[in-house]
Amino acid sequence: MTKDGSPSGTASQRHGLYRFRLFVAGNEVNSQRAKETLFHLAGTYLADRHEIVVVDVMQDYQAALDSRIVVVPTLLVESPFERVIVGSLSDEKAVLDALGLAPERRPQ
């Protein structure tokens, strides 16, 4: 916190630990792409502030049913806020925006 009581740091630093649960279907192409993209983005933008659980619905379909997952790949953001992102995560900018990690835009 700063002296005036406002939080210090960027929005992503204030969020704390990010918890992700990624539902995939085996080694299917879009599932592989989603895994690679999530691990890359988390490693780049969240360093030691993330936990990732990968659930293969081919091995554990009950977990998908319990979480009401009907399409894979699907990323559940469980913390610091709840969000669902469906697809291969190939649009990294859109994923960063959804996670509140996009670089701040400066007026031109």
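Only the coordinates and a few stated rules stand behind these numbers; no lab work does. Just so you know, these numbers come straight off a predicted model, no measurement behind them. Every residue, glycine among them, receives a Cβ derived from its backbone with ideal geometry; neighbour counts consider all protein chains shown.
Close amide H pairs (under 5 Å, H built 1.01 Å from N) link Arg19 with Glu51, Glu78, Ser79, residues at least 5 positions away or on another chain. With a cut-off of 14 Å between beta carbons, the residues surrounding Val24 carry a summed charge of -1, where Lys and Arg count +1 and Asp and Glu -1. Shape summary: the range 23-86 maps onto an equivalent ellipsoid whose semi-axes, from the alpha-carbon gyration tensor, are 20, 14, 9 Å in decreasing order. Projecting label points 7 angstrom from Cα along Cα→Cβ for Ser79 and Glu92 puts them 2.7 nm apart.
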